[in-house]
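Written below as structure tokens is the structure these notes are about.
Since every read-out is calculated from the coordinates, none of them should be taken as a lab result. None of these values were measured; they are calculated from a predicted model. Neighbour counts are summed over all protein chains in view; Cβ atoms, including those assigned to glycine, are modelled from backbone coordinates with ideal geometry.
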Amino acid sequence: MALDKPYGDIPGTTVFDSDMARLGFHANQFCMSLMKAENRKRFLADERAYLDEWPMSEEQKKAFLDRNYNRLLELGANVYYFGKLFFTDGMSFEKGAASMTGMAQDAYRAMMISGGRRPEDDVRLASAGRPKAPRRRSGQGPDAAADRGNRRG
Amino acid sequence: MRPPTVATAVARVSAGVAMSHVPAIGAASDLGKTDDDYWRPVFAGFEFSRRWIAQQRPDVIFLVYNDHATVFDLNAIPTFAIGCGDEYEIADEGWGPRPVPKVMGAPDLAWHVRQAVIQDDFDLTAVNNIAVDHGLTVPLTLMFDRPDAWPVLVVPFAVNVIVYPPPSGRRCFELGKSVRKAIDSFDADLNVQVWGTGGMSHQLQGPRAGFINQDFDARFLDALVEEPERLCRLSLIDYMREAGSEGIELVMWLIMRGALNDKVTEMHRHYHVPASNTAVGHLILENR
């Protein structure tokens, strides 16, 4: 018998349940490996080669390379896990969260300071569906480039 | 000549404290930014709390928190884990360990609670050699600022709130009652506080990230003080819908409340939006 899952209709939200944890097991354990400095260094030196060490789907690897966090959510990765990748990229959790909303970090921060995303916004989110993945040039969007610059600076 | 029975002092739960445990709050403290315009309102709400706890002088904090994929990854997902170790290192969460003192455990009390609570039908996982992440250290920072050594012993109590489903609010509340009975039966003169951490409303993931529900948070704070039984009827879906997907951490506050008397005195309340992505809530409740 199928499990009762009464949470599919919460807009803009992926619930990290048993199915997602099963789907994302290796993707999430890859993220855990980034807790070690030596692994972060190896990953950044050759992301593709490092990802190939993990038995993940090609889709999952591509989503990591593209830093497409909304896609990663669909593929079973969890925000507390891919948060390790935010830190590997020298990016704050605030900026990481902002990137999933399609908002620039400044606009997101301003929204938070003015009280956060209001519950009424659920109506808009429910009708909008998922935003398109951020456009990236050869896997390096402008934000990512700025972040990398910050990290190295 | 000694009487045949000697009344021994037992541990007692004097108060409960609830607060959010946002990592950026720890960073603000560690980097000396607490007087910045952005952070001042967050920390101002803990000035009373630091004076209060200096007077209360608790011996042990039974600290309910969650690990954020730091120690417990997908290899082991204990729903309830009680720290029975002598001491706990500060976790490196990917940017180096926070520069705060290591956390000293209360193993005698922890092992006692473990046995009593399992005998009371709550199946705890005992853990010993674990590092503790911001979920546990940020609350210590908020209450004690930056001491050379934490002035309390800590029993870390980790709850899975990341892999769905977490334990229900009802289950957490009943567990809190069981923890209370266990502490009450421990033969040592200890002033114990129970802390519940995490929350309040927030969502870190997906297009809905940044979700805050100030009405829900206010109602939750009121009900936690006066009508915790009513809060037990909230389902996990209610939390995700009303408080955001990560707001589900609030079930941990019900463990704290379950460990207190039915009637409590609200000594202090603080609420501020935002700390990074999160609504910061804080309550101090004394047993009456």
**Report entry** C-alpha long axis of helix B:134-144 to longest principal axis of chain B, angle in °
**Finding:** 80
Report summary line: Of the residues B:Gln205, B:Leu136, B:Ile90, the Cα lying farthest along the dipole of the protein assembly as shown towards its positive end, which is defined by charges on the beta carbon of Lys, Arg, Asp and Glu, belongs to B:Gln205
Requested in this report: Shielding by partners for A:80-91, please: the mean number of other protein chain Cβ atoms within 10 Å of each residue's Cβ.
Outcome: 3
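With +1 on each Lys and Arg Cβ and -1 on each Asp and Glu Cβ, and nothing else charged, work out how big the dipole of the range B:70-114 is about its Cα centre, in Debye to the nearest 20.
Taking the Cα centre of the range B:70-114 as origin, the dipole is about 120 debye.
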Requested in this report: Filter the cross-link list A:Lys36/A:Lys84; A:Lys41/A:Lys84; A:Lys62/A:Lys95; A:Lys41/A:Lys95 down to pairs whose alpha-carbon distance in this structure exceeds 18 Å.
Outcome: A:Lys62/A:Lys95; A:Lys41/A:Lys95
Query raised in the report: Once you average over the residues of A:109-116, how many Cβ atoms of partner chains fall within 10 Å of each Cβ?
Result: 6
Query raised in the report: Whole number please: convex hull volume per residue of the Cα set in chain B, in Å³?
Result: 137
Query raised in the report: Hey, what number do you get for the protein assembly as shown at 222 nm if only DSSP H runs of n ≥ 4 count, each worth -39500 (n - 2.57), divided across all residues, to the nearest 500?
Result: -12000 deg cm²/dmol
Report summary line: Restricting to lysines and to Cα separations under 17 Å from B:Lys263, and discarding same-chain partners fewer than 8 apart, the set is B:Lys177, B:Lys181
Report task. Would you list which aspartates and glutamates come within 16 Å of B:Lys33, measuring only between C-alpha atoms, while excluding same-chain residues fewer than 8 positions from it? Result -> B:Glu47, B:Asp145
Report summary line: Note: B:Arg12 to B:Arg233 extended length (0.36 nm per residue) minus current alpha-carbon separation gives 76.7 nm
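Can you list the GluC sites (Glu not before Pro) in the range B:74-111 that are in a DSSP coil and have 13 or fewer other beta carbons within 10 angstrom?
Taking the range B:74-111 and a limit of 13 other Cβ atoms within 10 Å, the loop GluC sites (Glu not before Pro) found are B:Glu89.
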**Report entry** Formal net charge of residues neighbouring B:Ala149 (Cβ-Cβ distance under 13 Å; K, R +1; D, E -1)
**Finding:** -1
Query raised in the report: Hey, how many Å between the Cα centroid of the range B:144-212 and the Cα centroid of the range B:227-288?
Result: 10
Report summary line: Of all DSSP beta bridges having both residues in chain B, the percent classed as antiparallel (nearest 5) is 45
Query - Long-range HN-HN contacts of B:Gly105 with modeled amide H, under 5 Å - result: B:Glu87, B:Tyr88, B:Val154
Report summary line: Going residue by residue through the range A:100-112, the Karplus relation 6.51 cos²θ - 1.76 cosθ + 1.60 with θ = phi - 60° gives ³J(HN,Hα) values, rounded to whole Hz and with x marking Gly or Pro, of 7, 8, x, 9, 5, 4, 4, 5, 5, 4, 5, 4, 5
**Report entry** For peptides A:56-63, B:257-264, sequence by mean Cβ density within 10 Å, most packed first
**Finding:** B:257-264, A:56-63
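Based on the Cβ-Cβ distance of B:Asp189 and A:Ala126, what FRET efficiency does E = 1/(1 + (r/R0)^6) give at R0 = 56 Å, to the nearest 0.05?
The value I calculate is 0.50.
Using only atoms on other chains, find how many Cβ atoms lie within 10 Å of each Cβ of peptide A:4-15 and report the average.
5
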Query raised in the report: With θ set to phi - 60° and the Karplus curve 6.51 cos²θ - 1.76 cosθ + 1.60, what are the ³J(HN,Hα) couplings of the range A:81-86 in order, to the nearest whole Hz, using x for Gly and Pro?
Result: 7, 6, x, 5, 6, 3
